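Written below as structure tokens is the structure these notes are about.
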Amino acid sequence: MNPDLRAGSATAAPSLPLLKQRFVEGKTALLEAFAAGRATAPATARLLRRLTRHVDTTLADLWRKAALPKGAALVAVGGYGRGELFPSSDVDVLIVLSGDGDSRSDPVHGALAQQETISAFITGCWDIGLEVGSSVRNVEECVAEARRDVTVQTALLESRLVCGSRRLYQQFRQATDAALDARAFLRAKTLEMRQRHVKYDGTPYALEPNCKESPGGLRDLQVVIWVARAAGLGQTWAELAQKGLVTPFEASQLHKHEGVLKLIRAHLHLVAGRREDRLVFDLQTAVAASFGLKATNDQRSSEVLMHRYYWAAKAVSQLNQILLLNIEERISGSERAPMRPINGRFLDRGGMLEVAHDELYIDNPHAILETFVVYQQTPGLQGLSARTLRALYNARNVMDTDFRRDPVNRQQFMQILRQPKGQTHAFRQMNQTSVLGRYLWVFRRIVGRMQHDLFHVYTVDQHILMVLRNVRRFFIPEHAHEYAFCSQLASNFDPPWVLYVAALFHDVAKGRGGDHSELGAREVRRFCREHLIPRNDAQLIEFLVRQHLTMSRIAQKEDLSDADVIDQFARLVGSERRLTALYLLTVADIRGTGPRVWNAWKGKLLEDLYRLTLRALGGAKPNLAAEIESRKQEARQKLALLSALPGTEAPLWKTLELSYFARHEAADIAWHARSLWRYIESRDAVVRARPSAVGDGLQVLVYCPDRPDLFARICGYFDNAGFSIQDAKVHTTRTGYALDTFQVVTAHGDGDDAAAYRSMISLIETQAALALASDGPLPEPRRGRVSRRVRSFPVQPRVTLAPDERAQRWLLTVTASDRSGLLYAIARVLARNHINLQLAKVTTLGERVEDTFLVDGPALQQPKAQLRIESELLDACAAPG
């Protein structure tokens, strides 16, 4: 700090307008020079220092102009105190007052005058454009607040005198440093970091990570420096290296990756024009452009940027874990604690797996994979020690082609898969330490690879590990309540590791171009051959990887009441073992894509497909008449349990075709009969609703005289009322009445209690009937807003029309970005062209929809009309401009 900036200088302070002009012009010049230069880490470091000095000078001028007491001190804290001001960072300052802050040490300034002077100083900061976060305390208050709040203690740890009394500042530092308990501080910051990691999904690989707060972000590096500083172990990576906490190589890696993260954050602030630390989709391409990054044949420029970010964040996560364990051992003295030998290569250091010596993996590469076998097999181990993590980090170059081809290593890898427990934690540790990607080279290619399909919320490698976790949970009794049917099937499936291999490889070929299922099947076939997996198991694994999307597609898009659909799927799977394995992998895969993708309705569709296919595999020939009679009998029994009079079902059933009974379950058939028996010839619409028997939402029954635009009017009502249709079954009676059933959910999330359900049911039954009574023209569909994510990665609308084998019915498939009003827009096109709807399956995958409709109508038999309908549907699906 320049001595001329200290309080007490006789130089007159400039006026506020002049100070504002100097500050704005100076900051603008710094940012413009940075934006025009090369995007490098040294350039970022210079910018942060120069911004800090620029603010120092401005604050000193304001301090002098406000004529604050000579005994006070202006202290920079937080990131500003660290000397790292990013373009849109807040400027955190602490005004330290001597004594208790009254007028005894300075008669000229009374307490009220002093308060007004401080207020004028802070107001002046905001007037010239300095967004300051300020606090005013004396030394005793600083110490007391730091003891109460670890966040305050952390901010004060990085304090720096800007101007004012150096003597007071030194008193302040001595007092706050003396109040610091290194062990308690480490514990508090570790717990705080864990909580922060949970908030940001516990992964560095979120698709929209926060480059400051997410795991592997700048905050993880700052935590290391904070706890090291609190323990008196150093304030820079070089100082930590001198104390033996990091190796020179690790120090250089820390400096390198910290530079990447700072570079990204600085450009993110510039591009956003505000304080924005999230790499949101809207900004990723612009930030990549500011770096000068270009798209490649298989990656967008934003993906190149994010790949660079993920590699830096992964390295930071690894080094953060190593350093915090090292510092903890140094503070607690556990590095000198006795250790229990496990074998000649590993020891148990208080529940952490410790290598016998630092060069273990260099001298004996076979011990690398043995680490994870021992980790799985040894009770009481909670993780890998700092020494083990460091040894793995430094042995990365040992894991080369010869390492991957070594028969002993291949045997060890299979041993990890075949252990009775511990696969989830072992494979996560292997990925975090880069062992997994270096042993399975095909896996390395998808580490940090983004997925722009609008429903995966993880990178490919994290999704794969999430699927592996889900499969593993099927075999753990403690998780049986989460996946009751899956756990029941898994208990009889052997060997479980077959599914683990399929989970590891099911998406491993993502991002190469071409069919990733087919490419993945080739990769897993090679893996099975190299790892001597028995032929039957190898064929099953290859089948699972190749067909891992098939069961989901059939369950969500095809008519499961069609015996031909079930028969074709049964022929594809061929056996109960393959069917069970594919079902378990499919459930694990869908549940591993993101929290918004799986729901109970999808679970029911998959379970229905599994049970129907199992029956077909058992040799049961489809007997529609017997199946319908069984459903009718079950429905009569349910009506009797509800105290319905004998024959209640007769008025409705005599108007229904066999296809109605084939498509509805007994419980629904009974509900329809009980709801409609007295309204069979009503000319007014009858609407009934009830809580869904499957998951959240409602089942809605609509019964009224049929007309061409009926489905569109129903969709229009649900859209305007804020409901989303998940499934629709449309039937027309012999007497010309529509009997349609819908599975709907609300976006409001207010259906969790009985009162809310009763309110929604009453609303739907009243308002839907009124909406269907209208004879006016269909209103224009709303051009609903699309989300940020959809705007950044829009789905190209696709429409396909394919006839069934008899060319009597057509399968219409629509894929588009999700938005409100979309289904109504589609239904309106169908109504306008007099196309009859028989079945609708609405599949929402995150923010992408894949809707399937079973339709018929004279227009579909005419090629020109068919082309016109497809064109109109594409227009209806187009995102609003």
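Miscellaneous remarks
- Each residue, Ala859 and Met414, gets one label point 7 Å from its Cα in the Cβ direction; the gap between the two is 6.0 nm.
- Local electrostatic count, Met399, Cβ distance below 12 Å [Lys/Arg +1, Asp/Glu -1]: +2
- Take the chain with all the other protein chains still there, run a 1.4 Å probe, and you get 44 Å² of accessible area per residue.
- For the range 204-328, taking Cα atoms only, Rg and Dmax work out to 15.5, 50 Å respectively.
- Given R0 = 41 Å, the distance between the Cβ atoms of Leu532 and His834 translates into a calculated FRET efficiency of 0.10.
- Percent of alpha-carbon pairs separated by more than 17 Å within the range 390-502: 61
- Anisotropy class of the range 307-453 from Cα gyration tensor, a/c 1.5 cut: oblate
- Size descriptors for the chain, from the alpha-carbon set: Rg then Dmax equal 33.4, 104 Å.
- Rg/Rh for the range 542-671 stands at 1.05; both radii use Cα atoms, and Rh follows the Kirkwood definition.
- Semi-axes of the equivalent ellipsoid for the range 147-225, Cα gyration tensor, largest first, Å: 30, 15, 8
- Three-way shape call for the range 597-645 based on the alpha-carbon gyration tensor, with the a/c threshold at 1.5: oblate
- Taking 7 Å steps out from each Cα toward its Cβ at Lys654 and Gln382 produces label points 7.5 nm apart.
- Counting only heavy atoms of the protein chains and using a 1.4 Å probe, His307 has close to 50 Å² of accessible surface.
- By accessible area with a 1.4 Å probe, ligands and nucleic acids excluded, highest first: order of Leu436, Leu325: Leu325, Leu436
- The Cβ shell under 13 Å around His479 holds other residues with a net charge of +3, Lys and Arg each +1, Asp and Glu each -1.
- Isotropically averaged projected area of the range 672-733, using the convex hull of Cα atoms (one quarter of hull area), nm²: 4.8
- For the range 520-591, the normalised intensity computed at q = 0.11, 0.20, 0.21 Å⁻¹ comes to -0.30, -0.86, -0.93 (log10 of I(q)/I(0), Debye sum over alpha carbons, equal scatterers, no solvent).
- For the pair Asp515 and Asn397, a Förster radius of 22 Å applied to the C-beta separation gives a FRET efficiency near 0.05, rounded to the nearest 0.05.
- Residue among Ala241, Gln429, Ile761 farthest towards the positive dipole end of the chain, charges placed on Cβ: Ala241
- Modelled this way, with points 7 Å down the Cα-to-C-beta line, the labels at Leu642 and Ile680 are 1.7 nm from one another.
- Here the 3J(HN,Hα) profile of the range 62-73, calculated from phi with Karplus coefficients 6.51, -1.76 and 1.60 at θ = phi - 60°, is 5, 4, 5, 5, 6, 6, 6, x, 5, x, 8, 9 Hz, Gly and Pro shown as x.
- With R₀ fixed at 45 Å, the C-beta to C-beta distance from Asn492 to Glu213 puts the FRET efficiency at about 0.50.
- Rounded to the nearest 500, the 222 nm mean residue ellipticity of the chain from helices alone is -17000 deg cm²/dmol, with -39,500 (n - 2.57) taken per DSSP H run of at least 4 residues.
- Whole-percent carbon and sulfur share, accessible surface of the chain, 1.4 Å: 50
- When the residues Ser98, Ser159 are ordered by accessible surface, computed with a 1.4 Å probe over the protein chains alone, the sequence from largest down reads Ser98, Ser159.
- Computed log₁₀ I(q)/I(0) - Debye formula, equal Cα scatterers, no solvent, the range 614-720, q 0.12 Å⁻¹: -0.51
- Rg over Rh [alpha-carbon atoms, Kirkwood Rh] for the range 378-430: 0.99
- Net length gained if the chain between Asn297 and Leu770 were fully extended (0.36 nm per residue, minus Cα distance): 164.8 nm
- Charge tally around Arg526: other residues with Cβ under 13 Å, Lys/Arg +1 each, Asp/Glu -1 each, net +3.
- Options Ala600, Asn297, Ala509, ranked by Cα towards positive dipole end of the chain, top entry (Cβ charges): Asn297
The values are calculated or read from the model by the stated rules, or taken from the named source; none is laboratory data. Note that the coordinates shown come from a computational prediction; the quantities given were computed from them, not determined experimentally. As a convention, Cβ positions derive from the backbone with ideal geometry for all residues, glycine included, and neighbour counts pool all protein chains shown. For accessibility, only protein heavy atoms count, side chains too; no ligands or nucleic acids. Shrake-Rupley method; radii C 1.70, N 1.55, O 1.52, S 1.80 Å.
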